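**Student:** Before anything else, here's the structure in question.
The values are calculated or read from the model by the stated rules, or taken from the named source; none is laboratory data. These figures come from a predicted structure and were not determined experimentally. As a convention, Cβ positions derive from the backbone with ideal geometry for all residues, glycine included, and neighbour counts pool all protein chains shown.
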Amino acid sequence: MDTGGSLALYMPIVGLFILAVVFAVGSVAAAAVVGPKRYNKAKLEAYECGIEPSPQASGGGRFPVKFYLTAMLFIVFDIEIIFLYPWAVANESLGVFGLVEMVLFIATVFVAYAYVWRRGGLDWD
């Protein structure tokens with residue numbers, strides 16, 4: 001059994017992994033050596049696009065739940081697009097079964113979209 005030939009196929013992947021690790025470690029080390037050493041209060045503050053940072057509670061403050069809900073809605077509708085793309089590529093080979101399945105999928109997502117819209121989940125206050 002010749003395992004030397006099959007292991008040789010993985011050597012480019014191993015070499016690329018080693019190169020990535022060397023580059024990552026080297027970048028961090030170079031930044032520590034070459035980077036500026038003069039720190040002041042302004043450099044240690046959080047940067048918020050030129051706006052003075054607002055004071056926050058000791059725990060970092062809390063975000064309203066609507067931010068998380070908006071992110072989840074984006075993920076749900078983004079996943080719909082991910083499922084539509086392969087279907088569009090293989091549309092002819094799937095036949096009527098693929099068409100019916102995709103219509104059911106789009107209808108399900110549309111019902112969820114209508115529900116969120118009616119509940120006011122897309123309103124920006």
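**Student:** Given the conditions (1) of a type in the set (Val, Ile, Thr); (2) at pLDDT 95 or above; (3) closer than 30 Å to residue 120 by Cα, which single one is not true for residue 22?
**Tutor:** Answer for residue 22: the failing condition is (3).
**Student:** Then there's this: Going through 77, 83 one at a time, which residue ends up being surrounded by 12 or more Cβ atoms within 10 Å (Cβ to Cβ), within 16 Å of the chain's Cα centre (by Cα) and assigned to a helix (DSSP H, G or I)?
**Tutor:** The match here is 77.
**Student:** Kindly establish whether residue 66 is assigned to a helix (DSSP H, G or I), out of contact with any strand residue (DSSP E or B) (no Cβ under 9 Å at 6 or more places or on another chain), under 30 Å from residue 115 (Cβ atoms) and at pLDDT below 80.
**Tutor:** Judged against the criteria, residue 66 is a match.
**Student:** Could you list all residues from segment 69-87 that are among the β-branched types (Val, Ile, Thr) and modelled with pLDDT under 85?
**Tutor:** 70, 76, 79, 81, listed by residue number.
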